[in-house]
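K.L.:
Supplied in structure tokens, the structure appears directly below.
None of the figures in this text is laboratory data; all of them are computed from the coordinates on show. Remember, it's a predicted structure, so these values are computed and weren't measured experimentally. With ideal geometry, Cβ positions are generated from the backbone for all residues, glycine too; neighbour counts draw on all protein chains shown.
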């Protein structure tokens, strides 16, 4: 006759199932995992701060190196913070957002340069940014996310694209007006990265 399960047996099974379901913190590993996530957040914050402080110096090496590194740092920081709030630890998702941050940083820097050189009018810059730039960047993210998670573009990619685009129009138009209307072009990308830090927290919840 099989012995009845004790509370400790049930707890062990629950921990195993929880860990298997997606790297969620379990009661036994919660303290260690939270400490690990905090350490990662601190390391990412130091990295991002160092890039931001030495932004102009790094640009001397290559004009796109600073945007790529700063984009990677802010994206990783946003994703890891979101994982801490959700009590989850996934290196795969952190790596995905680092990759996205590098792509986004590179193309955003090029995009800002293109928009500011093409139009002098703030209205035209904002319209181009929101009617062309916003859908383009959301599409890039959703394609990357779908390929990363599923290895292919699925029907869900279409749904996710319009959902993230809808949220982007609740966030980015105001920043676009402030950036193109009041900031010097040299300050637009660093300011954009601060805004992207917040936006990547939203994206990490949607992805």
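K.L.:
With label points built 7 Å along Cα→Cβ from the Cα atoms of residue 165 and residue 136, find their separation and express it in nm.
P.N.:
My value for the distance between the label points is 1.5 nm.
K.L.:
Just to verify a number: FRET efficiency for residue 147 and residue 113, C-beta to C-beta distance, R0 = 35 Å, to 0.05?
P.N.:
Details: r = 27 Å, r/R0 = 0.78.
Computed FRET efficiency for residue 147 and residue 113 comes out at 0.80.
K.L.:
Sticking with this structure for a sec: Hey, got the Cα dimensions of the range 81-207 along the principal axes, in Å, largest first?
P.N.:
Principal extents (largest minus smallest coordinate, Cα): 43, 30, 23 Å.
K.L.:
Place a label point 7 angstrom from the Cα of residue 36 along the Cα-to-Cβ direction, then list the residues of the range 62-101 whose backbone nitrogen is under 17 Å away.
P.N.:
Under 17 Å, as judged by backbone N against the label point of residue 36, lie 80-96 of the range 62-101.
K.L.:
What Kirkwood Rh does the range 30-142 have if only Cα atoms enter the pairwise 1/r average? Answer in Å. Before the final figure, lay out each step's value.
P.N.:
Working: mean 1/r = 0.0646 Å⁻¹.
Kirkwood hydrodynamic radius for the range 30-142: 15.5 Å.
K.L.:
What order, most packed first, do the peptides 76-82, 111-117, 54-60, 197-203 have when packing is the mean number of other Cβ atoms within 10 Å of each residue? Provide the component values of the computation, followed by the final result.
P.N.:
Details: 76-82: 23.7, 111-117: 15.7, 54-60: 13.4, 197-203: 19.1.
So the order, starting with the most tightly packed, is 76-82, 197-203, 111-117, 54-60.
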